[in-house]
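Below is one structure, written out as structure tokens; comments come after it.
The values are calculated or read from the model by the stated rules, or taken from the named source; none is laboratory data. What you are looking at is a predicted structure, and each value in this text was computed from that prediction instead of being measured. With ideal geometry, Cβ positions are generated from the backbone for all residues, glycine too; neighbour counts draw on all protein chains shown.
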Amino acid sequence: MGKMGKYVALVVTTVVATAVVTWVLVTIVERKQEARQYPLRLKEIAVDEPDPDKWAENFPREADGFRRTKQNVGRTKYGGSENYQKLDVNPAMKRLWAGYPFSIDYREERGHAWAFTDVTETKRLGDQKPGTCFTCKSSRNPSLMREMGVAEFYRTPMKDLVAKVRAGGKELAIGCADCHDGKTMALRITRPAFAEAMKARGIDVSQASRQEMRSYVCGQCHVEYYFAGEGKHLTFPWNNGLRVDEIEKYYDDMEFKDWVHAETKAPMIKIQHPEFEMWSTGIHARSNVACADCHMPYTREGGVKISDHWIRSPLFNISQACQQCHRWSDEELRQRVTIIQDRTAGLLKKSEAAILDAIDAIKAAMASRATDEQLKQARHLHRRAQMRWDFVASENSMGFHSPQEAARLLGESIDYARQAQIAALRLRPVRAKLASQ
């Protein structure tokens with residue numbers, strides 16, 4: 001190549017390099033500018049604005065993700081978003097919850113966008129159910145509570161609250177207003193029961209860090225609860241703590257029961273969905289990993305960093321949900337989850353079998369005319385065994401949120417169930433004595 005050719009090549013190389021560097025610099029500037037400007041406040045939003053479509057004008061990325069919670073992404077091995085009947089998969093639950101509405105209808109939960117539809121269509125609730133049942137099912141509820149007062153909201157029949165929401169022309173399920181202040185976009189607590197329960201534990205949620213709030217907003221609803229008094233006041237049984245033993249003491253001290261078991265006549269507790277309580281005993285909570293870190297992991301779109309509002313199982317999003325901290329392959333991480341869940345599922349089955357044997361033994365003792373006083377111990381042990389089984393069975397992680405705690409509870413469940421069975425079997429002499437009279 002002659003001198004002229006080398007000169008031309010140098011000029012071309014310089015021009016290309018300059019263009020590339022310029023493009024990179026421009027892109028960096030644009031991305032930084034995009035990040036500074038996001039979100040563009042195109043529209044003012046009211047503090048309690050219930051309609052997510054109005055928020056979407058300012059937050060299109062988050063809104064797009066949240067709309068996807070209506071998609072059926074299918075099942076994981078122990079969960080997912082397919083709306084199947086769990087009682088068909090595990091008929092033992094019909095006997096375990098005999099006499100309680102969960103023995104009639106118990107379906108796999110779907111995404112947050114289905115909350116309104118699913119609560120109005122379930123066979124577990126009738127026309128006389130209080131508004132308390134509707135507390136976590138609509139983004140209209142924060143404004144309704146403000147307008148009506150919390151006590152009146154709880155007392156109002158759920159069907160009337162549903163009618164109020166429908167009157168607006170949209171069946172508004174869980175939405176932006178449930179977790180965010182429309183003016184500041186800050187995370188906030190909108191369900192009074194959570195703030196009341198935390199206050200009883202000496203915790204002021206108004207002083208919580210942002211990272212704590214990324215779990216607290218989930219803990220407003222993903223918890224164990226009961227309805228207190230004639231006003232059906234939504235209450236979390238946390239005065240003694242969040243562990244099962246502490247919750248059990250709370251219920252025992254007040255002699256509370258959700259229902260009387262149809263077969264054993266034991267006074268029972270129905271555990272709801274204690275994800276917050278179970279998570280709080282696990283390694284992720286101890287490591288300051290929030291619910292949102294796994295179920296709503298941070299992601300980047302251009303120069304903008306957002307929390308992914310497609311709330312779902314981390315198993316559908318391992319790269320973002322898990323690999324930010326755990327530097328192993330998708331398959332390795334999936335196997336680790338599967339090992340934990342398979343072991344928990346195995347213990348659940350053993351626990352169910354033990355409780356069913358206890359139920360049969362108590363029924364047999366009742367048939368032989370054992371008295372309520374004689375059956376008191378067996379029934380109390382049945383209550384203790386099933387409460388621990390239910391705490392794991394109704395918690396939506398199949399033990400993953402706290403593997404050691406789940407194993408401990410199921411081990412205790414099996415133990416208490418066998419004790420209940422033995423206590424009932426020891427009443428067999430009652431039958432023999434009666435036969436000789």
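Tabulated results
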| read-out | value |
| --- | --- |
| Number of the exception - residue 241 against (1) buried (at least 17 other Cβ atoms within 10 Å of the Cβ); (2) in contact (Cβ under 8 Å) with a residue 12 or more places away in the chain | (1) |
| Residue within region 384-399 that is part of a helix (DSSP H, G or I), surrounded by fewer than 20 Cβ atoms within 10 Å (Cβ to Cβ) and touching a residue at least 40 places away in the same chain (Cβ under 8 Å) present | no |
| Qualifying residue in region 63-80 (condition: within 30 Å of residue 266 (Cβ to Cβ) and either modelled with pLDDT under 95 or assigned to a loop (DSSP other than H, G, I, E, B) (or both)) | yes |
| In region 256-306, residue nearest to residue 197 (Cα to Cα) [restricted to those that are surrounded by fewer than 19 Cβ atoms within 10 Å (Cβ to Cβ) and aromatic (Phe, Trp, Tyr)] | 256 |
| Residue that is surrounded by the fewest Cβ atoms within 10 Å (Cβ to Cβ), among those in region 193-234 that are assigned to a loop (DSSP other than H, G, I, E, B) and under 17 Å from the mean Cα position of the chain (by Cα) | 222 |
| Residue 36 in a loop (DSSP other than H, G, I, E, B), exposed (fewer than 13 other Cβ atoms within 10 Å of the Cβ) and either at pLDDT below 90 or among the β-branched types (Val, Ile, Thr) (or both) | no |
| Residue list for region 90-110, restricted to those being in a loop (DSSP other than H, G, I, E, B) and either out of contact with any helix residue (DSSP H, G or I) (no Cβ under 8 Å at 6 or more places or on another chain) or at pLDDT 95 or above (or both) | 90, 91, 97, 98, 99, 100, 104, 105, 106 |
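Quick grid of which residues meet (1) among the aromatic types (Phe, Trp, Tyr); (2) touching a residue at least 24 places away in the same chain (Cβ under 8 Å):
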{"residue": "87", "(1), (2)": "no, no"}
{"residue": "96", "(1), (2)": "no, yes"}
{"residue": "124", "(1), (2)": "no, no"}
{"residue": "134", "(1), (2)": "yes, yes"}
{"residue": "145", "(1), (2)": "no, yes"}
